[in-house]
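Structure first, commentary second.
The values are calculated or read from the model by the stated rules, or taken from the named source; none is laboratory data. Just so you know, these numbers come straight off a predicted model, no measurement behind them. Methodologically, a virtual Cβ is constructed for each residue, glycine included, from the backbone with ideal geometry; neighbour enumeration extends over all protein chains shown.
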Amino acid sequence: MSVSIYYSAIRNLPINAVESVHLLSIVDVFNESFPYKDEGETLSFYSAPSDEYILEGAIKLPYQDENTIVDSVIYWLNAITHLTSVLSTAEWDVRIDDCPASWVDDHWEM
């Protein structure tokens, strides 16, 4: 059994150069610090998002035990929160498999 987080952003304007640098910096920081990077996937974006999206991606979580999955979901939702702050004018959709994550106050939650 695998669990994945899917994330996408829609906006009329494309990602600009400054935003791109910030997004990639967030990816690097979170990927480097992920404690289960040898067991699961890390944060990345699809090379060619669907027509209406400016950003899309997915992370397949490590499946060692329930605690690892929960820790990973919390960790990656924190990373996606940082991405959201860079593209704050975009409409975001974040899902854990088929279940939508919730935007509460200023961050993503399960």
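In region 69-99, the residue that is nearest to HIS22 (Cα to Cα) out of those that are outside any strand (DSSP E or B) and touching a Lys or Arg at 6+ places or on another chain (Cβ under 8 Å) is LEU87. Would you check if VAL27 is touching a residue at least 12 places away in the same chain (Cβ under 8 Å) and under 17 Å from MET110 (Cα atoms)? No, not satisfied. Exactly one residue out of SER25, SER2 is polar (S, T, N, Q), in a loop (DSSP other than H, G, I, E, B) and over 10 Å from the mean Cα position of the chain (by Cα), and it is SER2.
Taken together, VAL21, VAL3 contain a single residue that is without any contact (Cβ under 8 Å) to a residue 40 or more places away in the chain, of a type outside the set (Lys, Arg) and over 18 Å from GLU91 (Cα atoms), which is VAL21. The number of residues in region 32-65 being within 17 Å of GLU91 (Cα to Cα), assigned to a loop (DSSP other than H, G, I, E, B) and among the small types (Gly, Ala, Ser) comes to 1. Starting from residues that are among the acidic types (Asp, Glu) and in contact with a strand residue (DSSP E or B) (Cβ under 8 Å, 6 or more places away or on another chain), keep the ones in region 65-110 and report whichever is modelled with the lowest pLDDT. Top of the filtered list is GLU109. Taking first residues from region 67-92 that are closer than 25 Å to SER2 by Cα and in contact (Cβ under 8 Å) with a residue 12 or more places away in the chain and partners that are polar (S, T, N, Q) and part of a helix (DSSP H, G or I), the Cβ contacts under 9 Å between residues at least 6 apart in sequence or on separate chains come to TYR75/SER33; ALA79/ASN31; TRP92/THR84. Taken over region 54-64, the criterion of being over 11 Å from the mean Cα position of the chain (by Cα) and at pLDDT 95 or above is satisfied by ILE54 alone.
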